[in-house]
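Student: Provided herewith is a single structure, encoded as structure tokens, for subsequent inquiry.
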Amino acid sequence: MESTTQSPPLELSNKGALNELGLGSGGAVLNILKLILAGSPLPEVLTIIAQSVESRGDGTLCTIWLPDDDGKQLHCAAAPSLPGFISETGSMLIGPQGGSCGTAVYRRQPVYASDVLEDPIWDHYRHRLLPFGIRAVWSRPLFTSEGQTLGTFAIHYREVRSPDDSDLKMIENASHIAGIAIERHLNEERLHLERNRLRLLLEITNSMTSKLDMRRLVETLSTDLLRVTRCDFCALLLPDSDGGGLRVTTLYNPEARGFLCDGTTIPNDGSICGKAFRTGTAQCFENFEQVGSNVETSGNTASQLTFQRVIDEGLVSGCCLPLMGKGGAIGVLTALNRSERTFKQDDISFLEQVARQVATAVENALEYEKAISDRDKEAKQRLYLEEEIRGEFGAIIGSSPALKTALDLVSTVAPTDSSVLILGETGTGKELIARAIHNLSSRRGRSFVKLNCAAIPLGLLESELFGHEKGAFTGAIAQKTGRFELANKGTLFLDEVGDIPLELQTKLLRVLQEQEFERLGSNHTHKVDVRVIAATHRDLTAMIKQTTFREDLYYRLKVFPISVPALRQRTEDIPKLAWHFTALYARRMNKKIDSIPSETMLALLRYRWPGNVRELQNFIERAVILSPHTILRAPTSELEPFCAPTGLNLPMTGLEELERDHIVRALELSDWLVGGKNGAAARLGIKRTTLTYRMRKLGIVRPSPSRQKITV
């Protein structure tokens, strides 16, 4: 066996002659240099160098080898006279038994194997050379002046052979040319990489101003980032809604295996990305399994599951960089590989630059999203409030001007804590107005307590309002909590407040002024925070003149009065109300009524409805009961006709209403005879002309005979 010969490695800084014996003609060398300077593709240049060496004609075969990206193996880049050699030989490990090339780089000096069948450095790879008949392999490593591995230059022979002086000189010169070509190529790649990196930084900077929404920012990063980071997987991780982890947004993963997908949550505790986020420092690792022990000892099930997902995805090494905003970490940019390839320091420095730009862009995008979200939220809240108002007013059917005026007042006073006095006839929906005020106020989360003062016996009303202690009076067998206590922090609705006895009004006034009271049979003062809404159909000003209602209590209650119009003052709402109640009761009775005859609707419009909406509701309920089919059959003969000309349906004062009722009654008793001894004018004790004038002013018209009331 020929012994392995070693000689000192060639440093490319040493300039040797290029046209020495064995390297071809000077013209060939000049052409090679021109190709190098012109930036020709490296495989083409290396092939021409190898062919120039092989032109000696003595059976010399030449190959040139380059390191893989991870720097741990070599692969053949040029073998012009060995078809199939590049694909068949594959890569060789850089190490003590890496063949001639891998061993030469490992030893950092030339290695000359005279017989691969005998030399132990070929024990792992000689089977790859035997199909090509190769017996001798001489290899010279190529390094830069800084010691960076460029590759190896190799000479092959199909017979056992050791190099002589001319061979050594030829290898030295050819290696020099190959090294120049490879180093220039690497420098060009480095410059190209730097240009790409600068352009990428510029594009990311531009994206901060031109792409404020997160989706478009992610698209930009996905398109540009991986062209220069040289990794297998890249993702943007942002905190999830509950702050317990980081949500994955994949930027690049061309060989995805489906274990680490968009939306996956990486826990903050027990994960490398979480550590980068918590500490604000970059976390780089060569082998992901090295951190597995930390995950196991953390006891965090979510971390262990995430660790397994990363392993199943085939990710091995990489770097996690925190995205630092004005107030701290806002996310993580992670770049991972499927091989044990650590990032070089310049790669990490560039990634940190990218992370700073991405952090600014992401922070801007998040702030933009928050601004849009706040705007949308405000719009939704405004819409919600409008819908809420409509919802609270949903039970108050109608769109007449008179009703809208009242509802506008409700919307105005509801957000305050002021007392409200609701005025209106019986059956107009005063309680619905009170509930709407409560539900649109800040007290809506508290109780709405109502009390009909007219329905409680005089002796029990004080106890209902203020409560009593056990034994306070005969029959008080237990302590009772009053309505004011029940309504604390909420709203108390006092319906028919005009029916409160005069002696009790003083105590009620004190509660309204001082927000305090004592239970019956107790000296303990209770403090409360209650909003009072009162309602009545009575004329409280008249009662004040009659000294049956306290003037000071009236003004305390009448901080914000709301008048609810009578149904006859909003007759345009009658069709909507009729349809509403028809649908309501038909649904309750499992009937289907889809038609209201026009003559029925006309009768509803002509009737005066002294009982207001409540009377109409009861009438429609009776009509639904009487309707066997899909058409509403209403007993319109029961309705007293009311025929007011169009344009005269105007709100009237209380005196006008009384006068009108009095005149209509006199006309009915006189069979609608105005003048004469038995006429209405004589009954009323006024002139016929005066009665005629008052009838025109009040819109009183005699109904047609077919519409007259036939029952009482």
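Student: Do we find a residue being over 42 Å from the mean Cα position of the chain (by Cα), outside the structural domain of ILE433 (by TED's automatic domain parsing), assigned to a helix (DSSP H, G or I) and hydroxyl-bearing (Ser, Thr, Tyr) anywhere in region 529-541?
Tutor: Taking every residue of region 529-541 in turn, none turns out to be over 42 Å from the mean Cα position of the chain (by Cα), outside the structural domain of ILE433 (by TED's automatic domain parsing), assigned to a helix (DSSP H, G or I) and hydroxyl-bearing (Ser, Thr, Tyr).
Student: Residue by residue through region 475-513, note down the ones that are under 14 Å from ARG531 (Cβ atoms) and outside any helix (DSSP H, G or I).
Tutor: ALA487, ASN488, LYS489, GLY490, THR491, LEU492, PHE493, LEU494
Student: Next question. Please determine whether any residue of region 436-449 is in contact with a Ser or Thr (Cβ under 8 Å, 6 or more places away or on another chain) and in a helix (DSSP H, G or I).
Tutor: Checked against the condition, which is being in contact with a Ser or Thr (Cβ under 8 Å, 6 or more places away or on another chain) and in a helix (DSSP H, G or I), region 436-449 yields at least one hit.
Student: OK, next. Would you confirm, using the coordinates I've provided, whether LYS470 is in contact with a Ser or Thr (Cβ under 9 Å, 6 or more places away or on another chain), among the charged types (D, E, K, R) and not in a helix (DSSP H, G or I)?
Tutor: The answer is no for LYS470.
Student: Another one. Filter region 548-567 for residues that are in contact with a helix residue (DSSP H, G or I) (Cβ under 9 Å, 6 or more places away or on another chain), among the hydroxyl-bearing types (Ser, Thr, Tyr) and at pLDDT 90 or above; which is nearest to VAL511 (Cα to Cα)?
Tutor: Per the criteria, the residue is TYR554.
Student: Report, by residue number, each residue of region 115-168 that is assigned to a helix (DSSP H, G or I) and out of contact with any Leu (no Cβ under 7 Å at 6 or more places or on another chain).
Tutor: Correct list: PRO120, ILE121, TRP122, HIS127, ARG128, LEU129, LEU130, PRO131, ASP165, ASP167, LEU168.
A quick yes/no check of all residues on (1) at pLDDT 90 or above; (2) farther than 15 Å from ALA566 by Cα:
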position: MET589; (1), (2): yes, yes
position: LEU605; (1), (2): no, no
position: PHE619; (1), (2): yes, yes
position: ILE631; (1), (2): yes, yes
position: LEU648; (1), (2): no, yes
position: MET652; (1), (2): no, no
position: GLU657; (1), (2): no, no
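Student: I would also like to ask the following. Please tell me if TRP579 is of a type in the set (Phe, Trp, Tyr), part of a helix (DSSP H, G or I) and closer than 21 Å to GLU638 by Cα.
Tutor: Yes; evaluated as a whole, the condition is true for this residue.
Student: Of all residues being of a type in the set (Asp, Glu) and within 53 Å of the chain's Cα centre (by Cα) in region 542-578, which is surrounded by the most Cβ atoms within 10 Å (Cβ to Cβ)? Just the residue, please.
Tutor: ASP573
Student: Among the listed residues ILE477, ILE500, identify the single one that is over 16 Å from LYS450 (Cβ atoms) and either of a type outside the set (S, T, N, Q) or modelled with pLDDT under 90 (or both).
Tutor: ILE477
So that you can scan it fast, the table gives a plain yes or no per residue for (1) free of Cβ contacts under 8 Å to residues at least 40 places away in the same chain; (2) over 19 Å from ASP495 (Cα atoms); (3) out of contact with any Phe, Trp or Tyr (no Cβ under 7 Å at 6 or more places or on another chain); (4) not assigned by TED's automatic domain parsing to the domain that holds ASN488:
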| site | (1), (2), (3), (4) |
| --- | --- |
| ALA402 | no, yes, yes, no |
| ALA406 | no, no, yes, no |
| VAL410 | no, no, yes, no |
| VAL413 | no, no, no, no |
| LEU423 | no, no, yes, no |
| THR428 | no, no, yes, no |
| LEU432 | yes, no, yes, no |
| ALA436 | no, no, no, no |
| ASN439 | no, no, yes, no |
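Student: Right, another one. Here is a list: ARG608, ARG568, ARG587. Which entry is touching a residue at least 24 places away in the same chain (Cβ under 8 Å), of a type in the set (Lys, Arg) and either under 16 Å from LEU403 (Cβ atoms) or not in a loop (DSSP other than H, G, I, E, B) (or both)?
Tutor: ARG568
Student: Restricting to region 500-510, and then to whatever is touching a residue at least 12 places away in the same chain (Cβ under 8 Å), surrounded by fewer than 20 Cβ atoms within 10 Å (Cβ to Cβ) and not polar (S, T, N, Q), can you tell me which residue is nearest to LEU440 (Cα to Cα)?
Tutor: The residue in question is LEU509.
Student: Please specify each residue of region 34-50 satisfying the condition of being surrounded by 15 or more Cβ atoms within 10 Å (Cβ to Cβ) and either touching a helix residue (DSSP H, G or I) at 6+ places or on another chain (Cβ under 9 Å) or part of a loop (DSSP other than H, G, I, E, B) (or both).
Tutor: Selection gives LEU35, ILE36, SER40, LEU42, VAL45, LEU46, ILE48, ILE49, ALA50.
Student: Among the residues that make up region 579-601, is at least one of them crowded, with 19+ Cβ neighbours inside 10 Å, among the aliphatic types (A, V, I, L, M) and farther than 17 Å from HIS629 by Cβ?
Tutor: No, the conditions are met nowhere in region 579-601.
Student: I've got another one for you. For region 688-705, which residues satisfy the criterion of being part of a loop (DSSP other than H, G, I, E, B) and either modelled with pLDDT of 85 or more or farther than 17 Å from ARG606 by Cα (or both)?
Tutor: Answer for region 688-705, where residues must be part of a loop (DSSP other than H, G, I, E, B) and either modelled with pLDDT of 85 or more or farther than 17 Å from ARG606 by Cα (or both): just ILE700.
Student: Now a separate question. Identify all residues within region 319-374 that are among the small types (Gly, Ala, Ser), buried (at least 19 other Cβ atoms within 10 Å of the Cβ) and under 16 Å from THR205 (Cα atoms); write none if there are none.
Tutor: Of everything in region 319-374, those that are among the small types (Gly, Ala, Ser), buried (at least 19 other Cβ atoms within 10 Å of the Cβ) and under 16 Å from THR205 (Cα atoms) turn out to be ALA355, ALA359, ALA361, ALA365.
Student: Out of all the residues in region 667-687, which are modelled with pLDDT under 85, in contact with a helix residue (DSSP H, G or I) (Cβ under 8 Å, 6 or more places away or on another chain) and assigned to a helix (DSSP H, G or I)?
Tutor: If the condition is that a residue be modelled with pLDDT under 85, in contact with a helix residue (DSSP H, G or I) (Cβ under 8 Å, 6 or more places away or on another chain) and assigned to a helix (DSSP H, G or I), then LEU669, ARG683, LEU684 are the ones that fit.
Student: Search region 54-90 for residues being in a helix (DSSP H, G or I) and touching a strand residue (DSSP E or B) at 6+ places or on another chain (Cβ under 6 Å), and hand back the single one that is nearest to TYR125 (Cα to Cα).
Tutor: Selected residue: THR89.
The values are calculated or read from the model by the stated rules, or taken from the named source; none is laboratory data. Since we're looking at a predicted model, the values are computed, not measured. In this analysis, Cβ positions are derived from the backbone assuming ideal geometry, glycine residues included, and neighbour counts consider all displayed protein chains.
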